[in-house]
Amino acid sequence: MPLLRRASQREEQAGVFNTLRVQWSIAPQTAPRPWLNCSRCRGPRGFRSSGKIRVNANGRRIDAWLIYRCTACDGTWNRPVVERLEVAALDRQFLLSLQANEPDLVRSLAFDVAALKRWTGHVQEFDDVSVARRALSESSGPVQVLEIECRVPRPIGLRADRLLASELQVSRSCIRSLEKAARLRTVSPGSGLRRSLRDGMRLIIDASFLPEGSVERAAGTGCAL
Ligand SMILES: [Zn+2]
């Protein structure tokens, strides 16, 4: 496939230069788990979101909680979402979403690490992600530079070097050597390979230093050279 053809030595010497730009949309799979003292089985435990919201209207005031379950005994923790708010002060659509247990709302609450840290200093984050790949620019020439633009709509704790190693199926030491040899760099303020992925982060890699098949994996084509 011409799009992903690797540059030959002659082409490299001739200065033929091509960048393959791809976009990775990265979504976390497992919601972060707050660690709290379980009132039932007594002890610090990880809690997982049950996906259920409970709403309680008392007169003109309203409370809503996202229900969490202890991973050891299934005991509950009610995480406050709305506390003693005047019904009139609440956005109507938001109230309907709470009452309907709307999946998008539940998901955005469950993945809001910053909000969870209000309740505990220990929030366990997970590295499993799904990555949807899309080519942003096509080229008929050989690929010399691979540029990956990361879309990260929800904050995740996964580091850029770990994502690259798993998605390109190369070792972490390979990633480190590429970085050391200035064959891999990140672009965007405050970002780095050992930092958590940020929305808009770009990873730029010298494709000729990647093992066979890695460029295809990055583009999601999986085709042979
Ligand atoms: Zn428990």
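A Cβ distance below 9 Å, combined with a sequence gap of six or more or placement on separate chains, defines the contacts here; from region 31-45, residues that are in contact (Cβ under 8 Å) with a residue 60 or more places away in the chain and within 22 Å of Val106 (Cβ to Cβ) reach residues that are more than 13 Å from the ligand (Cβ to nearest atom) and among the basic types (Lys, Arg) in the pairs Ala31/Arg107; Pro34/Arg79; Pro34/Lys117.
Being open to solvent by less than 50 Å² (accessible area, probe 1.4 Å) and within 30 Å of Arg183 (Cβ to Cβ) is not true of Ser97.
Residue selection: Ser50 fails the criterion of being at pLDDT 95 or above, of a type in the set (Ser, Thr, Tyr) and in the same structural domain as Thr186 (by TED's automatic domain parsing). Annotation: of all residues in region 115-143 being hydroxyl-bearing (Ser, Thr, Tyr) and touching a Pro at 6+ places or on another chain (Cβ under 7 Å), the one that is surrounded by the most Cβ atoms within 10 Å (Cβ to Cβ) is Thr120. For region 176-203, the set of residues classified as open to solvent by less than 20 Å² (accessible area, probe 1.4 Å) and either closer than 17 Å to Glu149 by Cα or in a strand (DSSP E or B) (or both) consists of Leu184, Gly192, Leu193, Leu197, Met201, Leu203, listed by residue number. The condition (being buried (at least 18 other Cβ atoms within 10 Å of the Cβ), at pLDDT 90 or above and in contact with a Phe, Trp or Tyr (Cβ under 9 Å, 6 or more places away or on another chain)) is satisfied by just one residue among Leu146, Leu163: Leu163.
Table: residues versus (1) of a type in the set (Ser, Thr, Tyr); (2) more than 16 Å from the ligand (Cβ to nearest atom); (3) outside any loop (DSSP other than H, G, I, E, B).
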| residue | (1), (2), (3) |
| --- | --- |
| Phe47 | no, no, yes |
| Ser50 | yes, no, yes |
| Ile53 | no, yes, yes |
| Asn56 | no, yes, yes |
| Ala64 | no, yes, yes |
| Ala72 | no, no, no |
| Trp77 | no, no, yes |
| Glu83 | no, yes, yes |
| Ala88 | no, yes, yes |
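Residues that are without any contact (Cβ under 8 Å) to a residue 12 or more places away in the chain and over 26 Å from the mean Cα position of the chain (by Cα) were ranked within region 90-114; the one that is farthest from the ligand (Cβ to nearest atom) is Arg92.
Applying the criterion of being surrounded by 17 or more Cβ atoms within 10 Å (Cβ to Cβ) and under 19 Å from Arg162 (Cβ atoms) to the residues of region 205-216, the residue that is modelled with the highest pLDDT is Ile205. Could you check how many residues of region 4-37 are acidic (Asp, Glu) and either modelled with pLDDT of 55 or more or surrounded by 16 or more Cβ atoms within 10 Å (Cβ to Cβ) (or both)? Selection size over region 4-37: 1. The single condition among (1) under 18 Å from Gln23 (Cβ atoms); (2) over 13 Å from the mean Cα position of the chain (by Cα) that Cys150 does not satisfy is (2).
The values are calculated or read from the model by the stated rules, or taken from the named source; none is laboratory data. These figures come from a predicted structure and were not determined experimentally. Note that we place each Cβ from the backbone using ideal geometry, even for glycine, and neighbour counts take in every protein chain shown. Side chains included, ligands, DNA and RNA excluded: accessible areas come from the protein's heavy atoms. Shrake-Rupley method; radii C 1.70, N 1.55, O 1.52, S 1.80 Å.
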